[in-house]
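Novice: Below is the structure I would like to discuss, written out as structure tokens.
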Amino acid sequence: MKTRYVFFLTVFAAAVAAAAPMMAQNQLGGGKLATMPKGTYQCALPGDAAGKAIEVVKEEEFRLGAASSYTDAEGKGIYLLRGKKFTFTRGPKKGEQFTRVGTNQLKRGKLICTRLGGRS
């Protein structure tokens with residue numbers, strides 16, 4: 001009887017140990033840590049049929065650099081990309097969150113930020 005009890009306890013402990021990382025990952029927002037391509041990101045809102053196709057929002061523009069860093073007109077900071085969830089964690093944009101919708105695009109509500117091509 002004791003051997004069976006020890007066996008079931010061992011199996012249960014192994015199952016909990018195997019499931020713990022998955023449960024922790026879901027609590028933290030899920031997804032692997034990653035970085036966005038470096039460069040200048042221009043942010044814009046959709047325009048209307050009678051005017052411009054997009055309305056550039058110059059105040060939201062930022063530049064992503066090495067080691068998950070960013071720079072904007074107000075200063076420097078750090079960002080975190082976990083799965084598709086992009087969050088500015090330090091600096092002037094601290095707390096702002098976006099969703100990664102493409103290799104070079106982030107979206108928050110109607111605002112879309114796209115990495116500019118060329119030397120930026």
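Novice: Can you give the FRET efficiency for residue 49 and residue 87, using 1/(1 + (r/R0)^6), R0 = 22 Å, r = Cβ-Cβ distance, to the nearest 0.05?
Specialist: On the way: r = 34 Å, r/R0 = 1.54.
After rounding, the FRET efficiency stands at 0.05.
Novice: Which of the lysines could a cross-linker span from residue 94 if the Cα-Cα distance has to be under 27 Å and same-chain partners fewer than 8 positions apart are dropped?
Specialist: Result set, ordered by chain and number: 32, 38, 58, 76, 84, 85, 107, 110.
Novice: Probe radius 1.4 Å, ligands and nucleic acids ignored: give me the carbon and sulfur share of the accessible area of the stretch 30-80 as a rounded percent. Numbers along the way, then the final one.
Specialist: Numbers: 1800 of 3150 Å².
After summing per-atom areas, the C and S share lands at 57 percent.
Novice: Sort 56-64, 44-52 for me by packing, meaning the mean count of neighbouring Cβ atoms within 10 Å per residue, highest on top.
Specialist: On the way: 56-64: 15.3, 44-52: 10.1.
Answer by packing, highest mean first, reads 56-64, 44-52.
The values are calculated or read from the model by the stated rules, or taken from the named source; none is laboratory data. This one's a predicted model, so the numbers in the text were calculated from it and none came from an experiment. Positions of Cβ are generated from backbone atoms using ideal geometry, with glycine treated the same way; all protein chains shown enter the neighbour counts. Just the protein is used for accessible areas: all its heavy atoms, side chains included, with ligands, DNA and RNA removed. Shrake-Rupley method; radii C 1.70, N 1.55, O 1.52, S 1.80 Å.
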